[in-house]
Amino acid sequence: MKVKLLIIILVTSFISSCLDNHNSEGARLYLQHCTPCHMENGEGLKRLIPPLTNTEFLQENRSNLPCWIKHGMSGPIQIGGVEYDQIMPGVPTLTDTEIANILNFIQTAWHEGLTFISENEVKDALKECE
Amino acid sequence: MKKSKTNIIFRNGGIYLVFLILLMSCNAKQKEYKLPIIGYPEITNGDTIYPRVRDFSFLNQDSSIVTNEELGDVIYIADFFFTSCPTICPKVKQQMIRIYDKYFDDDRIKLVSFTVDPVRDTPSRLKSYSEKLDAKLPKWHFLTGEKDSLHSISGDYMSIALENPDAPGGFDHSGRLILVDTEGHVRAFCNGTDPEEVTEFLKKIDHLLNEG
């Protein structure tokens with residue numbers, strides 16, 4: 001009995017540590033700050049909250065993303081032929097590294113072929129709005 | 001010694017399990033079971049009086065007056081929110097949409113979303129919000145009105161609505177979904193940010209619809 005239990009504990013901790021190591025901070029921060037609106041699957045909500053799954057839109061706006069996340073955004077935008085116009089609050093307490101982690105989490109989760117965003121790229125992008 | 005001890009526990013566990021299953025199947029046979037009325041009853045002259053949601057008169061997204069009496073012949077699901085809510089509201093609305101879609105063709109049930117921020121949430125603002133969610137009348141009312149009335153009525157729905165400058169967006173409010181019957185009694189509620197709780201809640205709605 002005891003041996004069995006030990007094996008179960010070992011195997012589960014092994015699996016969870018494996019799942020954990022890949023951009024866990026980005027995933028955790030996304031869950032904490034973004035899922036209330038953009039949802040776990042990044043699909044948003046109807047015509048109220050835009051999806052984060054449109055690769056073309058993110059690619060075109062790559063340099064705007066850090067500012068939007070940190071300081072929020074408002075005004076009409078078009079994604080996939082749908083207009084969205086609602087206020088998104090920013091999260092000013094996020095550090096450059098945290099923003100990079102969130103963005104890289106979004107890319108890994110829903111986009112292929114986008115290059116990773118570094119902390120330095122975030123820092124440069126933020127100069128536009130700070 | 002140890003081994004046989006665990007064995008006994010296991011065997012007993014098995015017996016408990018059988019009992020539990022028997023018990024559950026017994027309960028399932030009791031068709032009489034009704035959803036409880038939530039809240040403390042008052043006993044006056046030997047009569048037990050269960051709490052009801054107080055009377056109200058608010059404006060919906062078409063600027064039409066909606067009263068509890070008008071809603072009286074249907075059961076409804078209520079929630080409290082505001083359109084500029086920076087936190088849980090879209091998640092709760094996603095679950096409200098689930099209910100809206102499921103009972104779209106069932107005229108015995110409606111949805112009612114009360115704003116906690118009536119100063120900003122005018123009927124026209126509620127209109128544009130509801131349109132973005134594809135929420136249509138007469139199925140789904142978005143109500144606004146006097147702030148004090150909206151805030152105090154939230155308690156009748158076992159919910160919270162408070163102005164708080166320190167809260168995100170300026171208001172504290174709970175993300176509960178509340179099931180109200182045709183008599184104005186609250187019969188169930190759940191956490192509207194948790195899809196699994198809402199799945200259980202849907203069963204309660206079905207149950208109430210079948211109570212007749």
*trypsin sites (Lys or Arg not before Pro) lying in DSSP loop within region B:90-150, provided at most 14 other Cβ fall within 10 Å*: B:ARG108, B:ARG120, B:LYS136
*At 7 Å along the Cα-to-beta-carbon direction for both B:TYR40 and B:LYS136, put a label point, then send me their distance in nm to one decimal.*
4.5 nm
_Counting only protein heavy atoms, probe 1.4 Å: which residues of region A:72-100 lose 30 Å² or more of accessible surface in the full assembly compared with their chain by itself?_
A:GLN86, A:PRO89
*Is there a pair in B:LYS132/B:LYS204; B:LYS93/B:LYS132; A:LYS46/A:LYS70; B:LYS34/B:LYS203; B:LYS147/B:LYS204 whose C-alpha atoms are over 21 Å apart, and which pairs would that be?*
B:LYS132/B:LYS204; A:LYS46/A:LYS70; B:LYS147/B:LYS204
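How far, in nm, would the chain grow between B:TYR50 and B:GLU211 when pulled straight, counting 0.36 nm per residue and subtracting the alpha carbon separation?
On the way: separation 161, 0.36 × 161 = 57.96 nm, distance 1.79 nm.
Answer, rounded to one decimal: 56.2 nm.
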*How long is the gain from B:MET158 to B:ASP194 if the chain were fully straight, where each residue apart is worth 0.36 nm and the alpha carbon distance is subtracted?*
11.2 nm
*Answer rounded, prolate or oblate for region B:48-211, using the Cα gyration tensor with square roots of eigenvalues a ≥ b ≥ c: rounded when a/c is under 1.5, else prolate when a/b is larger than b/c, else oblate.*
rounded
*With every protein chain present, what accessible area does A:TRP110 have (1.4 Å probe, heavy atoms only), rounded to the nearest 10 Å²?*
60 Å²
*asked:* Within 10 Å of each candidate Cβ there may be at most 16 other Cβ atoms; applying that plus a DSSP loop requirement, which trypsin sites (Lys or Arg not before Pro) in region A:21-130 survive?
replied: A:ARG47, A:LYS127
*List the GluC sites (Glu not before Pro) in region B:115-190 that DSSP assigns to loop (not H, G, I, E or B) and whose Cβ has at most 14 other Cβ atoms within 10 Å. Which are they?*
B:GLU146, B:GLU183
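As a test of the definition: with a 1.4 Å probe, what buried accessible area, both sides summed, do you compute for B against A, in Å² to the nearest 100? Don't skip to the end; give the middle numbers.
Details: alone 12670 and 8640 Å², together 19940 Å².
Heavy-atom accessible area buried at this interface is about 1400 Å².
Per-residue Cβ counts within 10 Å, from other chains only, averaged over B:83-94: what number is that?
Values: counts 3, 3, 3, 8, 3, 3, 4, 11, 7, 1, 4, 8.
Mean number of neighbouring Cβ atoms from other chains: 5.
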*At A:LEU114 and A:ILE87, where each label point lies 7 Å from the Cα along Cα→Cβ, what is the point-to-point distance in nanometres?*
2.6 nm
*What percentage of the solvent-accessible surface of region B:48-211, computed with a 1.4 Å probe over protein heavy atoms, is contributed by carbon and sulfur atoms?*
49 percent
*Using Cα positions and a limit of under 12 Å, work out the aspartates and glutamates in reach of A:LYS4, with same-chain residues fewer than 8 apart set aside.*
none
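The values are calculated or read from the model by the stated rules, or taken from the named source; none is laboratory data. Because the structure is predicted, anything quoted here is derived from the model rather than measured. Methodologically, a virtual Cβ is constructed for each residue, glycine included, from the backbone with ideal geometry; neighbour enumeration extends over all protein chains shown. Side chains included, ligands, DNA and RNA excluded: accessible areas come from the protein's heavy atoms. Shrake-Rupley method; radii C 1.70, N 1.55, O 1.52, S 1.80 Å.
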